[in-house]
1. Using amide H atoms built in the peptide plane, which far-off residues or other-chain residues are under 5 Å from residue 116 H to H?
2. Please list the non-local residues whose amide H lies under 5 Å from the amide H of residue 202, H modeled 1.01 Å from N, same-chain partners needing a gap of 5 or more.
3. Tell me, what ³J(HN,Hα) does each residue in region 31-44 have, in order and in whole Hz, if you take phi through Karplus 6.51 cos²θ - 1.76 cosθ + 1.60 with θ = phi - 60° and put x for Gly and Pro?
4. Got a number for carbon plus sulfur as a percent of region 3-297's accessible area, 1.4 Å probe?
5. Would you work out which of 101, 4, 141 lies farthest towards the positive end of the dipole of region 3-297, given +1 charges on the beta-carbon of Lys and Arg and -1 on that of Asp and Glu, about the Cα centre?
6. Keeping every protein chain present and rolling a 1.4 Å probe, give me the accessible area per residue for region 3-297 in Å².
7. Rounded if a/c is under 1.5, else prolate if a/b is larger than b/c, else oblate: which is region 211-272, with a ≥ b ≥ c the root eigenvalues of its Cα gyration tensor?
8. Please build a GNM for the chain, connecting alpha carbons under 10 Å apart, and tell me which residue among 121, 82, 27 fluctuates the most.
Amino acid sequence: MSLLVVGSVALDSVRSPFGDVTDVVGGSATYFSTSASYFTDVALVAVIGEDFPQSALDDLTGRGVDLSGMMRQAGRTFRWKGEYGFDLNEAKTLDTQLNVFEAFNPELPASHRQAEFVFLGNIDPTLQLRVLDQVDSPRFVAADTMNFWIQGKPEALRQVLARIDMLFVNDAEARALSGESNIVKAAAAIRAMGPKRVAIKRGEYGALLFDGEEVFFAPAYPLEEVFDPTGAGDSFAGGFMGWVSRQGELDNATLCQATVVGSVMASYCVERFSLERVRELTPDLIARRFEQFQRLMRFSPLEPLAG
Ligand code: AMP
């Protein structure tokens, strides 16, 4: 196993202008590992309650995701309820029920401790730290978080930031975390807290990668039909980390490629509710949309303006 993820495995209820769903499979680690499974071996660490459907676990196992670190405990699965307005850009959280995550104490199986690449998915930062304490010497550790934790557990989150190589956040979270309204300043402020790289996801306006002094931008794929943005961020991170782990390289060229792979996976995710679309992809569909991204960004050099 080369990529380890800890995060939420959830039952989501989502309302978007295009429909409603109740208690569908979701969670940061679920989207992440499904997306990353197209590129590399993934192991998932999380907890579920008695009510989590076995078919969703079978789907993950079927795509090679190692679930030996997944615990099923008495009680209800983590639940999140969110709503999107007409522009679909920001999720409004209506309800968060931690349920079995409240008393979760992650114990990594021995095989997970040697993971080279680690993703601390959106979850209580104290749990992210506990996982980090149990991995031996990872090459690259990335994390995600959200306003719920930025406001609720700022101290633990600071400690996470000091120990990671990269942070994935959306623009509202980057602003909340840094106290800067300008995104470039926000990224610099976050880098000063620890992670040398920051990816800032901006929904339909694409994603920015800050890698040391280098800045890279990938647009979002211009889709005619967007049903449900839930999971786009985690599918992005899954594609990014999956690609980096597959290549085994951390140079800027690989990270830029990974940003586009992440954008490809996010663009597929939002086409349907829950994991419906990310589950049914093929290497060919991924490669085809990657080429469409290349075409979106290709243009000829400028003729000399003067002289
Ligand atoms: P995103 O990829 O950013 O759209 O994340 C969506 C997923 O995050 C949903 O499937 C939710 O179950 C999960 N989620 C929402 N709030 C939290 C939270 N406070 N902690 C962990 N996971 C959450």
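The values are calculated or read from the model by the stated rules, or taken from the named source; none is laboratory data. Bear in mind the structure is a predicted one, so any value in this text is a computation, not a measurement. Quick reminder, even Gly has a Cβ in these numbers, built from the backbone with ideal geometry, and neighbours come from all protein chains shown. Note: accessible area is taken over every heavy atom of the protein model, side chains too, but ligands, DNA and RNA are not part of it. Shrake-Rupley method; radii C 1.70, N 1.55, O 1.52, S 1.80 Å.
1. Those lying under 5 Å, H to H, from residue 116: there are none.
2. 207, 208
3. Karplus values, whole Hz, x for Gly and Pro: 4, 4, 6, 5, 5, 5, 5, 6, 10, 7, 7, 10, 10, 10.
4. 48 percent
5. Toward the positive end, the furthest listed residue is 141.
6. It amounts to 41 Å² per residue over region 3-297.
7. Prolate shape, in that a/c is at least 1.5 and a/b is the bigger ratio.
8. In this elastic network of the chain, the residue with the biggest mean-square fluctuation among 121, 82, 27 is 82.
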